[in-house]
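The values are calculated or read from the model by the stated rules, or taken from the named source; none is laboratory data. The shown structure was predicted, so the numbers you read here are calculated from the model rather than taken from an experiment. Cβ placement follows ideal geometry from the backbone for every residue including glycine, while neighbour counts extend to all protein chains displayed.
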Amino acid sequence: MRFSIALIAAAAATVQAGVFTQKNYDDISISGGVAGNAQEEALAVFSALDTNNLAAADDADIDFLKSVNSICNDAEKEAFNPAIDAADGEEADALQRGKIKNKVLKLQATILALMIQQAQGDDVADKMATEQKKLDNNIQQDEDEAGNASTFLSFDATTD
């Protein structure tokens, strides 16, 4: 009996747990500051992920990345869009730049989740190509506004 318990404990210790922990939207948001480096800022949010060994990523990591997509989508619809509609001039432009940075974060999370799924044997090539095109477009929009103010909006949401 002791052998079985020791074996089970050893096996449990080798199971990789997810590298991400639950976060509030405000803690991971990159919408504030200035435009131009959204991709680097987004990648920094996900730096705990070992991109050299995505096949070893845990389902909890995929769930976290998908939840980042979800809460960023909600922030876009419920915070950024109404704020942009209510603003004008530079205020609206700065909010739009924040929205674009939010989209880069959302899409980078999606691409990473798809990369994990692909590394684990799932056929997600078509979805990855679609999402990469969206990400590239938003990165370009962010870079086109490099150095201009970007507005952070607080949003009450939490990752899974």
Subject >> Cβ pairs under 8 Å, 6+ apart, first in the range 18-42 and closer than 23 Å to Ala146 by Cα, second assigned to a loop (DSSP other than H, G, I, E, B) and at pLDDT below 95 >> reply: Ile28/Thr159
**OP:** State whether one or more residues within the range 127-134 are among the aliphatic types (A, V, I, L, M) and within 15 Å of the chain's Cα centre (by Cα).
**Re:** yes
Original post:
Which condition number does Lys106 fail, the rest of (1) touching a residue at least 40 places away in the same chain (Cβ under 8 Å); (2) surrounded by 17 or more Cβ atoms within 10 Å (Cβ to Cβ); (3) assigned to a helix (DSSP H, G or I) being met?
Top reply: (1)
**OP:** Those residues that are out of contact with any Asp or Glu (no Cβ under 8 Å at 6 or more places or on another chain) and of a type in the set (A, V, I, L, M), I need them from the range 114-148; list them, please.
**Re:** Met115, Ala119, Val124, Ala125, Met128, Ala129, Leu135, Ile139, Ala146
Subject >> Residue satisfying all of: in the range 34-59; out of contact with any Lys or Arg (no Cβ under 8 Å at 6 or more places or on another chain) and of a type in the set (D, E, K, R); farthest from Gly121 (Cα to Cα) among these >> reply: Glu40
Original post:
Looking only at the range 46-66, which residues are of a type in the set (Gly, Ala, Ser) and surrounded by fewer than 20 Cβ atoms within 10 Å (Cβ to Cβ)?
Top reply: Ser47, Ala48, Ala55, Ala56, Ala60
**OP:** Test Ala125 against the criterion of being touching a residue at least 24 places away in the same chain (Cβ under 8 Å), touching a helix residue (DSSP H, G or I) at 6+ places or on another chain (Cβ under 9 Å) and aliphatic (A, V, I, L, M), and give yes or no.
**Re:** no
Subject >> Pairs where the first residue, in the range 45-66, is closer than 19 Å to Val104 by Cβ and the second is among the charged types (D, E, K, R) and surrounded by 15 or more Cβ atoms within 10 Å (Cβ to Cβ), C-beta under 8 Å, 6+ apart >> reply: Leu49/Asp61
**OP:** Filter the range 18-38 for residues that are more than 12 Å from the chain's Cα centre (by Cα), of a type in the set (A, V, I, L, M, F, W, C) and either surrounded by fewer than 17 Cβ atoms within 10 Å (Cβ to Cβ) or part of a helix (DSSP H, G or I) (or both) and give the result.
**Re:** Val19, Val34
Original post:
Which ones in the range 109-129 are within 23 Å of Glu40 (Cβ to Cβ) and loosely packed, with under 14 Cβ neighbours inside 10 Å?
Top reply: Ala129
Original post:
So which of Ile84, Ile71 ends up being under 23 Å from Val34 (Cα atoms), in contact with a Phe, Trp or Tyr (Cβ under 8 Å, 6 or more places away or on another chain) and of a type in the set (Val, Ile, Thr)?
Top reply: Ile71
**OP:** List the number of the failed condition for Glu41; all other conditions in (1) exposed (fewer than 15 other Cβ atoms within 10 Å of the Cβ); (2) part of a helix (DSSP H, G or I); (3) not hydrophobic (A, V, I, L, M, F, W, C) hold.
**Re:** (1)
Subject >> Verdict on Ala86 being surrounded by fewer than 16 Cβ atoms within 10 Å (Cβ to Cβ), of a type in the set (Gly, Ala, Ser) and more than 27 Å from Asp61 (Cα to Cα) >> reply: yes
